[in-house]
Amino acid sequence: MTALVNFWAMIGGLCLALIVALTAVNVGALAADMVLRGWDIRVPGIYGYEDVVKLLASVAALAFFPLCQWRGGHVAVGLLIDPAPRWIGRVNRVIAQALTTGVALFLAWWMAIGALEVRRDGLTTGILEWPQWPFYWPGVVSMLLWALVAAVMTLNALKGEEAVHGPA
Amino acid sequence: MDPREITGLAGLGVLLLLILLRIPVVVAMIAVGLGGSYALSIVAPFLRFEPYLRQFKSMLWESMASYDLTIIPLFVLMGYVAGFSGLSRDLFDGIQAMIGRMRGGLAISAIVACAGFGAVCGSSAATASAMGRIALPELKKGGYAPGFSAGVLAAGGTLGILIPPSVALVIYGVIVEASILDLFRAAILPGLIAVVFFVAVIALYTRLRPEAAPVIPPMPRADRLRALLRFLPVAGIFGALIFGLAFGLFTPTPAAAIGALAVILYGAARRLITGDGLTWSGLREAVLSTAVTSGMIYAILFGAAVLTSFFTRSGLPMGLADWAATAAIDPYLMLVICLGCLIVMGCFLESLSMILVIVPFLWPVMLAVNGGPYVSADQAAFGLGPDELKIWFGILMLIVIELGLITPPVGMNVFIIGAITPSTPMGRIFAGASMFFAAEVVRVGLLILFPAILFVLI
Amino acid sequence: QEVTLTVHHFLGPNSTAQRVLLEPWAQRVQEQSGGRIAVEIYPAMSMGGAAPELYRQVRDGVADIVWTLPSYTPGLFKRLEVFELPGVHQNSAEATTLAIQDLMPDLAEDLQDVHPLLVHVHSGYVLHMRGGAIGGVGDLQGMRLRTPSRIGGWLIEAWGAEPVNMPVPDLPQALSRGAVEGALLPFEAAGPMGLAEITGASVEGPEGARAGTMVFLFAMNRERYESLPEDLRAVIDANSGLTIAAEVGAGFDAFEAEMAARMARTRPVVQLSPEAWESFRAPDEAVAQRWIADVAGQGIDGAGLIARARAAIAVHGE
Ligand code: NA
Ligand code: NA
């Protein structure tokens with residue numbers, strides 16, 4: 001499980017790295033343009049830069065959810081439950097994780113319908129006119145993986161195991 | 001109150017209950033948003049539930065596919081990479097080499113290093129944990145009292161968000177549609193004032209209780225030189241970012257991307273030249289930590305969007321604003337009440353969820369008591385136009401919410417520092433941090449009386 | 001009241017759209033229905049979601065009524081784009097909005113999933129330049145300009161500049177930092193955003209000529225409309241399409257003139273010479289051809305639509 005969620009988060013990290021690289025090139029072009037403008041040389045920026053960043057961001061953001069769940073990174077307030085008897089903490093973990101599974105499945109379900117609809121509508125990005133629907137599916141996978149992680153953690157909580165895996 | 005507003009109020013109550021029952025905040029937000037919208041469709045049938053559900057086809061994707069929000073993972077990444085490639089150590093060592101010798105010098109160095117780290121890192125938790133890991137062992141070696149040391153770092157960690165860039169300000173800016181760049185610039189001077197106040201608190205405390213902070217022997221000359229040499233490039237990178245933002249050389253997203261790249265390249269260069277610096281496994285762990293932190297932030301942002309659309313449909317925020325506009329309460333009293341509410345709630349809740357849940361209620365109230373969305377500065381109750389009010393209230397709110405990080409019983413920064421030094425009891429850390437609370441209250445008062453401080457750099 | 005209709009849109013409560021179109025509309029519908037219809041306006045996406053989702057929200061009934069930009073969902077409204085083509089719109093929001101009503105049968109297929117209340121345009125976009133006035137299209141070479149739409153992007157490209165797509169709220173910041181060097185926007189939108197303070201000049205054609213405009217869609221959920229009793233549907237009908245087109249168009253034109261005058265007080269609003277304006281209009285035909293070829297893929301007779309749109313605008317322009 002750890003390997004799977006790490007791998008999926010690294011895909012998101014890769015998208016982030018692409019955003020960094022694209023931005024660096026774009027800023028470089030902007031700077032070169034400012035300098036060379038005096039000699040009447042114009043340096044173009046990346047065509048449709050914002051379009052690509054948006055698409056990559058959508059993939060990256062959702063790819064982070066499963067790892068965040070696995071490492072117990074989604075914020076929760078333990079004020080009342082933490083000091084309570086162990087069995088209450090355990091029941092609470094089961095309920096919280098099961099509820100998370102449900103929410104993740106709900107989002108995955110609707111997003112999959114959305115992907116089909118966006119494809120049927122032929123929606124594209126503003127400048128590049130790239131289709132949007134292929135960028136929905138990594139998100140659907142992320143939501144399913146989130147649900148899977150939460151389900152596994154529900155089972156673990158039933159067995160009484162600790163909830164958090166690795167540094168948060 | 002009509003049935004819709006009562007439904008909204010009930011939803012707020014259930015939300016707080018679920019959060020206190022340790023349900024993950026994002027799950028609680030989505031559950032209340034859905035359940036509340038279902039309840040609304042019963043008390044007000046024109047707010048139909050089945051069509052409402054269909055917006056989830058695109059809402060998640062569209063809220064993630066945002067150019068503006070990419071600044072969050074980028075600043076988080078920059079902070080983690082800086083931590084993993086030893087920049088935070090260089091920062092602390094360099095400052096220590098300069099001022100470590102004075103009384104309380106190590107603690108003061110820690111505060112200044114936290115502030116410096118805050119200039120590249122958008123989150124308090126990341127600042128507290130990165131600087132805590134480096135500075136706490138040094139303070140211990142110097143013979144500083146453990147509770148005092150831990151309290152210093154818990155408070156110093158709040159500078160991560162008080163000094164721009166700040167994830168909390170980005171989120172606030174998104175909610176009230178303020179210029180994020182202006183918010184960052186407005187936060188610079190209050191952030192520096194915080195540093196000065198924190199340093200003053202340490203100086204005062206160590207004068208009164210000299211045994212808590214012994215004077216340490218001077219660093220050997222060679223070590224000192226080496227520390228200063230390593231400090232310079234780090235100060236260069238961090239300084240360039242702050243100045244770039246302050247003087248408008250770049251907009252936030254490119255600044256975040258270039259900053260992350262600069263820190264990665266510096267870490268890699270150090271690895272090639274000196275052998276320490278950023279390793280592959282360090283980079284990998286930095287990316288994974290970024291995934292956890294920004295996954296949490298993105299999730300909670302989406303949860304808040306679901307929740308806010310429920311509250312808007314219930315009419316509760318507008319009702320509250322209408323009430324505030326007509327109620328005969330002194331505007332400044334209203335402001336103090338709002339900030340007081342935030343401080344009290346900050347004792348129990350986590351800061352980002354607080355901004356997302358409470359600001360949609362408080363902002364319309366502040367706007368209303370100031371004289372509405374079209375009021376001009378000379379006729380406004382606070383003497384500020386709506387855009388200035390956004391910035392002023394945003395910074396004030398940020399400070400009091402950050403106070404929640406060091407107040408018991410739920411103080412995230414105290415927990416983080418506590419995890420680094422398990423031998424120090426939580427109560428001692430809270431006590432150590434409590435003296436900074438007074439400095440913060442003074443700072444809030446200063447900014448309420450002199451809003452102009454915020455607009456010097458804009 | 002027996003029916004409450006929700007209206008959702010992406011601009012603020014002080015926008016031209018809310019003041020000229022949405023609020024008067026809401027008031028009249030409430031009055032003419034004898035209070036049986038209530039209207040709740042939700043500005044600034046406060047019901048949730050992002051602006052590009054508005055059309056899908058009205059199609060699904062998330063909101064009963066929305067006011068949105070068809071160009072937010074590129075790909076869905078190919079026919080409506082005809083009015084955004086350079087050389088079709090002739091500077092008057094009123095004339096083009098009236099012409100759109102004449103062409104509704106031609107556009108119907110784009111709108112079959114919703115009940116359109118009004119398709120309209122603004123007065124046309126003006127170039128707001130950061131560095132001050134420009135003399136001709138040659139001065140735009142390589143510059144980054146913010147585009148309002150897909151067609152606007154094509155036009156900018158044809159001028160030899162670089163189209164940049166960004167959300168409207170980011171524009172003031174991007175302009176003042178020089179991330180873009182200019183933007184295509186009507187005065188009516190640029191004025192309230194404070195562009196007068198951060199741009200050096202606004203540039204329009206001789207006698208205020210405009211290079212193109214933007215199409216807006218004010219539409220109601222179809223099923224919701226059909227579920228209304230007949231007499232209430234009649235109230236809606238009496239406040240849609242042709243009956244309000246002239247008034248809304250004129251409202252936008254009036255606000256446009258007011259804002260142009262206000263922006264001109266801060267810094268120059270330049271009208272190009274007819275010769276310089278020619279250089280801006282040179283690519284009109286090429287952009288139109290590109291569009292004709294693009295929509296031919298969907299089996300749309302682009303050339304025919306352009307001809308009918310021009311003819312209708314010419315009639316109403318007199
Ligand atoms: Na910061
Ligand atoms: Na607290």
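The values are calculated or read from the model by the stated rules, or taken from the named source; none is laboratory data. On a predicted model such as this, the values are computed, not experimentally measured, just so you know. When we count neighbours, we look across all protein chains shown, and the Cβ atoms used for this are built from the backbone with ideal geometry, even at glycine. Surface areas here come from the heavy atoms of the whole protein model, side chains and all, with no ligands, DNA or RNA. Shrake-Rupley method; radii C 1.70, N 1.55, O 1.52, S 1.80 Å.
List of remarks:
- Scan of region B:123-159 for residues that are without any contact (Cβ under 8 Å) to a residue 60 or more places away in the chain, open to solvent by less than 10 Å² (accessible area, probe 1.4 Å) and either in contact with a strand residue (DSSP E or B) (Cβ under 9 Å, 6 or more places away or on another chain) or of a type outside the set (Val, Ile, Thr) (or both), ordered by number: B:Met131, B:Ala135, B:Leu139, B:Gly156, B:Leu159
- Tally of residues being within 14 Å of ligand 1 (Cβ to nearest atom) and modelled with pLDDT under 85 across region B:130-157: 1
- Where a residue in region A:117-131 is more than 8 Å from every other protein chain (Cβ to nearest Cβ) and at pLDDT 90 or above and its partner, wherever it lies, is open to solvent by 40 Å² or more (accessible area, probe 1.4 Å) and in a helix (DSSP H, G or I), with Cβ under 6 Å and at least six apart: A:Arg119/A:Trp133
- The listed residue being open to solvent by 20 Å² or more (accessible area, probe 1.4 Å), more than 22 Å from A:Leu55 (Cβ to Cβ) and touching a Pro at 6+ places or on another chain (Cβ under 9 Å), out of C:Ala183, C:Ala158: C:Ala158
- Within the option set B:Leu283, B:Leu301, B:Leu278, B:Leu342, being touching a residue at least 24 places away in the same chain (Cβ under 8 Å), within 16 Å of ligand 2 (Cβ to nearest atom) and either of a type outside the set (Phe, Trp, Tyr) or under 30 Å from A:Val25 (Cβ atoms) (or both) holds for one residue only, B:Leu342.
- Flag for B:Val201 being surrounded by fewer than 20 Cβ atoms within 10 Å (Cβ to Cβ), more than 16 Å from ligand 2 (Cβ to nearest atom) and away from every other protein chain (no Cβ under 14 Å): no
- Filtered by the rule that a residue be in a helix (DSSP H, G or I) and open to solvent by 40 Å² or more (accessible area, probe 1.4 Å), region C:254-278 gives C:Ala254, C:Ala257, C:Glu258, C:Ala261, C:Arg262, C:Ala264, C:Arg265, C:Thr266, C:Pro274, C:Glu275, C:Glu278.
- Selected residue (only one of B:Val174, B:Val167 is among the β-branched types (Val, Ile, Thr) and over 14 Å from B:Met412 (Cβ atoms)): B:Val174
- Annotation note: of A:Ala96, A:Ala60, the sole residue that is more than 21 Å from B:Met64 (Cα to Cα), crowded, with 24+ Cβ neighbours inside 10 Å and within 8 Å of chain B (Cβ to nearest Cβ) is A:Ala96.
- Taking the numbered list (1) open to solvent by less than 40 Å² (accessible area, probe 1.4 Å); (2) of a type in the set (Ser, Thr, Tyr); (3) in contact with a Lys or Arg (Cβ under 7 Å, 6 or more places away or on another chain) in turn, B:Thr279 passes all entries but (1).
- Out of A:Gly38, A:Gly89, A:Gly45, sole residue that is farther than 27 Å from A:Gly139 by Cβ, at the interface with another protein chain (Cβ under 7 Å from one of its Cβ atoms), more than 27 Å from the chain's Cα centre (by Cα) and of a type in the set (Gly, Ala, Ser): A:Gly45
- Among (1) touching a Gly at 6+ places or on another chain (Cβ under 9 Å); (2) within 16 Å of ligand 2 (Cβ to nearest atom); (3) within 11 Å of another protein chain (Cβ to nearest Cβ) - the single one B:Leu352 does not satisfy: (1)
- Set B:Leu169, B:Leu189, B:Leu204: member being part of a helix (DSSP H, G or I), more than 12 Å from ligand 1 (Cβ to nearest atom) and under 23 Å from B:Ala452 (Cβ atoms): B:Leu189
- Those helices (runs of 4 or more DSSP H) lying entirely in region B:1-77 with at least 1 residues more than 7 Å from chain A (Cβ to nearest Cβ), surrounded by 21 or more Cβ atoms within 10 Å (Cβ to Cβ) and in contact with a Lys or Arg (Cβ under 9 Å, 6 or more places away or on another chain): B:3-20, B:25-43, B:49-53
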